[in-house]
Amino acid sequence: MSEEIEKKGWFKRLKDGLKKSSSKISDGIVAIVKKRRLDESVLEELEEHLIASDLGVETAANLVAALARDRFDQEVSDEEIRTFLSKRLEEILLPYATSFTLETQSKPYVFLVVGVNGSGKTTTIGKLASRWAGEGKKVRVAAGDTFRAAAVEQLQVWGERAGVPVTVGTPGGDPAGLAYEAYETSKEAGDDILLIDTAGRLQNRQDLMDELAKIKRVLKKIDPQAPHSCLLVLDATVGQNAHSQVDLFQKTAGVTGLVVTKLDGTAKGGVLIALAQKFELPIHAIGVGESVDDLQNFEALPFARSLMGL
């Protein structure tokens, strides 16, 4: 029963969090359709609207083509359109809605967490550490953003709150050396999970990207399979700019999954669909607020329906 209450609470937060995105999409559909016959001009308007709502050109074209095949030249309501589109979006997203998997043979299971400044990366690490510690797992965090004192302090606060140890280096020290030290300590301590924070890298800073590659090389000296996951944290408010971030981090760091944050602060939530289709990467979790409970596993059905204002 408590699980069911928790689930309902999350669905409400998700719907509230996606309000800006869903209003942009659903209000536009209402304005275009108005109980009209689904002819070429309506389909064209719908496609342009979906592109403007950050769903991406290819996704918008595919959705409208499917709609035309199903309902062309029929009288439709906006709710019928939104219900149809939500089902198609669910089908698109379903293969990528993948919760975190922690392989028990890898101990600790190492997450390298990457992203640009301001994406919510450090906060995401704190929330994940709190969640897993609360589930009884032995978690450690490495404060690999050695150049930003605020990031280290932020992780230390999260660590104290969750009862999770935080490995800290010297200010401005070598992040790769810190990652190596944290991994060795974590292995000796018998931790289940090690989360390694990294400096917020701008994708046009090659020196910082090289540093990221160095951290990966150093971790592989302890375990050739490490890091076992490379999470890219994306800020949904950047919209289409997220594409270039995924592209570059994938090439540099070998991204294995995405966490999308700040969906509550933007009308650009549709970008998540475009990212899923283009990069075919698992979307592990999404964030719609500041509290620990506002970061949850990504699920296709509630997201698609919330996005369409259903």
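Just so it is clear, none of the values below were taken in a lab; they were calculated from the coordinates. These figures come from a predicted structure and were not determined experimentally. When we count neighbours, we look across all protein chains shown, and the Cβ atoms used for this are built from the backbone with ideal geometry, even at glycine.
Considering only residues that are hydrophobic (A, V, I, L, M, F, W, C), within 23 Å of residue 279 (Cβ to Cβ) and assigned to a helix (DSSP H, G or I), which ones fall in the stretch 199-222?
Answer for the stretch 199-222, where residues must be hydrophobic (A, V, I, L, M, F, W, C), within 23 Å of residue 279 (Cβ to Cβ) and assigned to a helix (DSSP H, G or I): 208, 209, 212, 213, 215.
Pull up the stretch 31-72, narrow it to residues that are part of a helix (DSSP H, G or I) and in contact (Cβ under 8 Å) with a residue 60 or more places away in the chain, then point me to the one that is surrounded by the most Cβ atoms within 10 Å (Cβ to Cβ).
50
Of all residues in the stretch 90-109, which are buried (at least 20 other Cβ atoms within 10 Å of the Cβ) and in contact with a Lys or Arg (Cβ under 9 Å, 6 or more places away or on another chain)?
The one that is buried (at least 20 other Cβ atoms within 10 Å of the Cβ) and in contact with a Lys or Arg (Cβ under 9 Å, 6 or more places away or on another chain): 108.
Name the residue, out of 247, 174, that is farther than 14 Å from residue 113 by Cβ and within 21 Å of the chain's Cα centre (by Cα).
247
Just need a number here: residues in the stretch 62-87 that are of a type in the set (A, V, I, L, M) and under 24 Å from the mean Cα position of the chain (by Cα).
Residues flagged as of a type in the set (A, V, I, L, M) and under 24 Å from the mean Cα position of the chain (by Cα) within the stretch 62-87 amount to 2.
Restricting the search to the stretch 234-248, which residues are surrounded by fewer than 24 Cβ atoms within 10 Å (Cβ to Cβ) and of a type outside the set (S, T, N, Q)?
238, 239, 243, 246, 247, 248
Within the set of pairs 6+ apart or on separate chains, which have a first residue in the stretch 154-166 that is touching a residue at least 40 places away in the same chain (Cβ under 8 Å) and under 14 Å from residue 142 (Cβ atoms), a second that is among the aliphatic types (A, V, I, L, M) and assigned to a helix (DSSP H, G or I), and C-beta atoms under 9 Å apart?
155/125; 155/129
Any idea which residue in the stretch 151-182 is surrounded by the most Cβ atoms within 10 Å (Cβ to Cβ), counting only those that are touching a strand residue (DSSP E or B) at 6+ places or on another chain (Cβ under 6 Å) and of a type outside the set (A, V, I, L, M, F, W, C)?
Restricting to residues being touching a strand residue (DSSP E or B) at 6+ places or on another chain (Cβ under 6 Å) and of a type outside the set (A, V, I, L, M, F, W, C), the top hit is 159.
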